[in-house]
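K.L.:
Please find one structure pasted underneath; my questions will follow.
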Amino acid sequence: MPLLVVRHGQTAWSLSGQHTGVTDVPLTDEGEAQARALRPVFAARRVGLVLTSPRARARRTAELAGLTAGPASVRVDEGLAEWDYGAYEGRTTAEVSEELGRPWSVWHDGVVPGATPGETVHQVAARARAVLARAAAHERAQDGEDPGDVVLVAHSHLLRVLTACWLGLSPTAGALFALDAGTWGELGHEHDRPVVRRWSVPPPA
């Protein structure tokens, strides 16, 4: 079962590098164009299940990419919400590093509570593994029939953690999988081992 991952299109905060967890920032005009440009990717595939983050930027990306209009089952999955950054919501890495007086990494230093409690990378990973389990359950439920592709429409850090979990790596290895706004990737198997087949693929020209 191919598992396709899609990062939502550009937002003002993704453009500026601000951490966007619980804040529902809309797509920019460029972000909407990126999402529409993804249509040919999915039109050429048989999609069986679409799971989207509850955030509007992800749901809008799925809609503009044509994923909500086809025969696939479409569900909002709370497990695909972006990392809760706590007090670092809306802040850039450079800003947090300046405040702390040292280089800061969300992957290795984590976040601190603010208006929301924030999450550890391992809490994010627990959500990601639950999403992967639901995708696997969809395949099993088809009872031998072709389940089609499962498409996950979500956010950069969440999808990077999910990919590390798919590969059986520490969730902090998500730091190695940079994923641009409005791009997609494919997770699959080779000789029964989980692999990354495509990553951060831009929409076709």
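The values are calculated or read from the model by the stated rules, or taken from the named source; none is laboratory data. Keep in mind it's a predicted model, so treat the numbers as computed, not measured. Positions of Cβ are backbone-derived with ideal geometry, glycine not excepted, and every protein chain shown enters the neighbour counts. The area values use the complete protein model at the heavy-atom level, side chains included, leaving out ligands, DNA and RNA. Shrake-Rupley method; radii C 1.70, N 1.55, O 1.52, S 1.80 Å.
K.L.:
Pick out the one residue from R75, R46 that is open to solvent by 20 Å² or more (accessible area, probe 1.4 Å) and in contact (Cβ under 8 Å) with a residue 60 or more places away in the chain.
P.N.:
Going through R75, R46 in turn, the sole match is R46.
K.L.:
While we're on this one: Just give me the residues in region 179-200 being out of contact with any Asp or Glu (no Cβ under 6 Å at 6 or more places or on another chain), under 17 Å from V150 (Cα atoms) and in a strand (DSSP E or B), in sequence order.
P.N.:
Of everything in region 179-200, those that are out of contact with any Asp or Glu (no Cβ under 6 Å at 6 or more places or on another chain), under 17 Å from V150 (Cα atoms) and in a strand (DSSP E or B) turn out to be W184, G185, E186, L187, G188, H189, P194, V195, V196, W199.
K.L.:
Here's a check for you: in region 7-43, which residue that is of a type in the set (A, V, I, L, M), closer than 30 Å to H191 by Cα and in contact with a Gly (Cβ under 8 Å, 6 or more places away or on another chain) is surrounded by the fewest Cβ atoms within 10 Å (Cβ to Cβ)?
P.N.:
A43
K.L.:
Could you figure out which of (1) open to solvent by 30 Å² or more (accessible area, probe 1.4 Å); (2) farther than 30 Å from Q142 by Cα; (3) without any contact (Cβ under 8 Å) to a residue 24 or more places away in the chain isn't true of V96?
P.N.:
(1) is the only condition that V96 fails.
K.L.:
Determine the pairs where a residue that is part of a loop (DSSP other than H, G, I, E, B), located within region 101-130, has a partner that is among the aromatic types (F, W, Y) and surrounded by 15 or more Cβ atoms within 10 Å (Cβ to Cβ) with Cβ atoms under 7 Å apart, the partner being 6 or more residues away or on another chain.
P.N.:
Every condition considered, the pairs that remain are V111/Y85; V111/Y88; G118/Y85; E119/W83.
K.L.:
Then there is this: When the residues of region 161-205 are narrowed to those that are more than 24 Å from R36 (Cα to Cα) and among the hydroxyl-bearing types (S, T, Y), which ends up least open to solvent (accessible area, probe 1.4 Å)?
P.N.:
So the residue we want is T163.
K.L.:
Would you confirm whether any residue within region 80-90 is among the acidic types (D, E), closer than 30 Å to A205 by Cα and crowded, with 19+ Cβ neighbours inside 10 Å?
P.N.:
Scanning region 80-90, I find at least one residue that is among the acidic types (D, E), closer than 30 Å to A205 by Cα and crowded, with 19+ Cβ neighbours inside 10 Å, so the answer is yes.
K.L.:
Ok, one more. Residue under question is H138, and the condition is that it be part of a helix (DSSP H, G or I), open to solvent by 70 Å² or more (accessible area, probe 1.4 Å) and either under 27 Å from A173 (Cβ atoms) or without any contact (Cβ under 8 Å) to a residue 60 or more places away in the chain (or both); does it hold?
P.N.:
Here the answer is no, as H138 does not meet what is asked.
K.L.:
Here is a further query. Taking region 141-161 on its own, how many of its residues are within 17 Å of the chain's Cα centre (by Cα), not in a loop (DSSP other than H, G, I, E, B) and not basic (K, R)?
P.N.:
Total satisfying the criteria: 11.
Listed here are the residues, each with its yes/no results for (1) touching a strand residue (DSSP E or B) at 6+ places or on another chain (Cβ under 6 Å); (2) not charged (D, E, K, R).
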position: P113; (1), (2): no, yes
position: E119; (1), (2): no, no
position: V150; (1), (2): yes, yes
position: F177; (1), (2): no, yes
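K.L.:
If the Cβ limit is 7 Å and pairs must be 6+ apart or interchain, which residue in region 1-24 that is farther than 28 Å from A72 by Cα pairs with which residue that is in a helix (DSSP H, G or I)?
P.N.:
Note: pairs meeting the criteria are G17/T93; H19/Y88; T20/W13; T20/S14.
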